[in-house]
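Below is one structure, written out as structure tokens; comments come after it.
Each value in this text was obtained by applying a stated rule to the coordinates, not by laboratory testing. These numbers were taken from a predicted model, which means no experiment stands behind them. A quick note on method: Cβ atoms are made from the backbone with ideal geometry, for glycine too, and the neighbour counts reach across all protein chains shown.
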Amino acid sequence: MSFNGKDENAELQYTDGKVPFEEALNKAGFGLYSYLLVALTGFLIIAFACVGFSSMFLIPTSACELETTTAQQGLLAAGPIVGLLLGAAPWGYVADTRGRKMTLVVSLACAAVVNSVASLSVNWIMLLILQFFATLLAAGQFSLSMTLLSESVPMAKRNQVVMVVTSIFILAQGLIAVIAIPIIPLPFAYELPALGIIWNSWRTLMLVATIPSIISACCLFFFCESPKYVFSKGREEEALDILRRIHRINNSFGKNKEELQVKGLQMELQQASDKPKSKKEQFAPLVRAPLLKYMIIMTLLFVFQQIGSLLVWFPTVANVFIESLETDSLMNRTVCDVLRANFESPPEPDPDAVPCSLNNTAMLIVLGVSAMQSILSNVINLFLNLVGRRNMVIIITSVCGVSGIIMNLVPNTIASGVLYVVLLMGLVVLGLYTAIAVALFPTDLRVLALGLSMSGARIGTIASVQILNYLLVNNCDAGFYIFATLFGSSAIVAAFLPDDRRLVQKPESDQKKTDEDATHL
């Protein structure tokens, strides 16, 4: 029974109906339950974005009532980023000890409550503190929802569903604009004397932004805990019950009405090298050759990628840009010329407009750019096998970086704006960086290496949001030259990486493990 290269003892275990977990999950199939879980995960990502990234619309629209200065607006932009940075690790620990599903429910509910209270902020400091705590509570939602999804669908479909949900995440910023477009222009204003505030459109937007979190938390009660997590905790019968339920729902509209033919789950054999290591033993290989070189390269790539900082201020820039086009016929200016003119001599406010309201066209542009980023991410995946991940990074960072440098050298308002949008397309390299890191680092060091590389980028983002906020007002051209040059320099850094098309093909079993780790990340 071993002529196919399989272990004979393992075959004997199969006769009892005991199979490895991944094979049991494959037998459960991909059907109705899987599609519903993909849809819910996508909605979870939108709920996470509504709490984590709505500040980009709240900062300009709350400026009139809260009387925030440019420096204070920079702090309001950085607060949620700090919350996301500090909250990710604790939520990951809770999920590994208490389960994915209930941890997500608690995170969603708590973040929604705090974000709702933030809508009653009496000043910008209160808004900053409450938004920090809201994002701190929401910080683990993205990784938790992706983990729950990847641990509940067969490996053959795992990469596809993760790619779909990742595209939704890229599109999420634009979806926030969809929520904001009908709300921000509303002219109502109700005074709340007890709090000394005026309830208006931006506060309403904050309240509405919590609705996806509440809906997601309620929907989660109708779904199962991750069967892989349950099995990893030694609860084999409970894991089998979950797999049977998934199989039953997946086949509820099909011809296969039989119960899942699995009597038990087989523990995967652990290698001797998988024994627990000390922190020093775990960290040491990353600061020694040959991995040290790749650690430095990947950290630099993540640090140089500060498109997220540009996106934080994108709604504000788009609003100024569109209002300038509507009130000024001059078309021989760059994006920075338009911003300078607005700061030096702001246009007369429309007496019929809501104070500090964002232009609807500007918010539609934010939606359009997010949609373009999502589409580009999927198009890139079609050509990865042909071009290679490293070469694709070099192409994207070169094109987007050069566009950001020359956007303020082109004396045409529309052309300069288009080049600005091309620079923003550089956000799509984040997925490529993750895939490259997964291929470069061994399985037992992969999560640590990627986490350390990305931590530098997140800390850099907190600083760059403040720097860019200052430069947009005081030296706009220098701001774009610096950030675009940094991003374009990523092409030089990436050139020191190996061409992934020429890497030796991994054995099937190792490749299966790599794919699983990649989707988990």
Looking only at segment 396-412, which residues are within 30 Å of residue 439 (Cα to Cα) and without any contact (Cβ under 8 Å) to a residue 24 or more places away in the chain?
399
Need a quick list: helices (runs of 4 or more DSSP H) entirely within segment 11-81 having at least 2 residues that are farther than 30 Å from residue 156 by Cβ.
32-52, 55-66
Just to verify a result, which residue in segment 117-136, among those that are crowded, with 20+ Cβ neighbours inside 10 Å and in contact (Cβ under 8 Å) with a residue 60 or more places away in the chain, is farthest from residue 196 (Cα to Cα)?
135
Here is a check on your reading of the model: is residue 151 touching a residue at least 24 places away in the same chain (Cβ under 8 Å), of a type in the set (D, E, K, R) and more than 18 Å from residue 369 (Cα to Cα)?
yes
Within segment 410-437, considering residues that are in contact with an Asp or Glu (Cβ under 9 Å, 6 or more places away or on another chain) and not β-branched (Val, Ile, Thr), the one surrounded by the most Cβ atoms within 10 Å (Cβ to Cβ):
416
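Taking the residues in segment 84-112 that are of a type in the set (Val, Ile, Thr) and without any contact (Cβ under 8 Å) to a residue 60 or more places away in the chain as candidates, determine which candidate is surrounded by the most Cβ atoms within 10 Å (Cβ to Cβ). Don't jump to the end; show me each part of the working.
Taking segment 84-112 as the starting set, the residues that turn out to be of a type in the set (Val, Ile, Thr) are 94, 97, 103, 105-106.
Within this subset, residues satisfying the condition of being without any contact (Cβ under 8 Å) to a residue 60 or more places away in the chain are 94, 97, 103, 106.
Working: 94: 17, 97: 9, 103: 21, 106: 15.
Only one residue fits best here, namely 103.
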What pairs come up if the first residue lies in segment 32-58 and is closer than 18 Å to residue 108 by Cα and touching a residue at least 24 places away in the same chain (Cβ under 8 Å), the second is part of a helix (DSSP H, G or I) and of a type in the set (Phe, Trp, Tyr), and their beta carbons are under 6 Å apart, counting only those six or more places apart or on different chains?
45/169; 48/142
Given the condition more than 21 Å from residue 370 (Cβ to Cβ) and touching an Asp or Glu at 6+ places or on another chain (Cβ under 7 Å), answer yes or no: does some residue in segment 179-195 qualify?
no
Given the structure, is residue 68 surrounded by 23 or more Cβ atoms within 10 Å (Cβ to Cβ) and among the β-branched types (Val, Ile, Thr)?
no
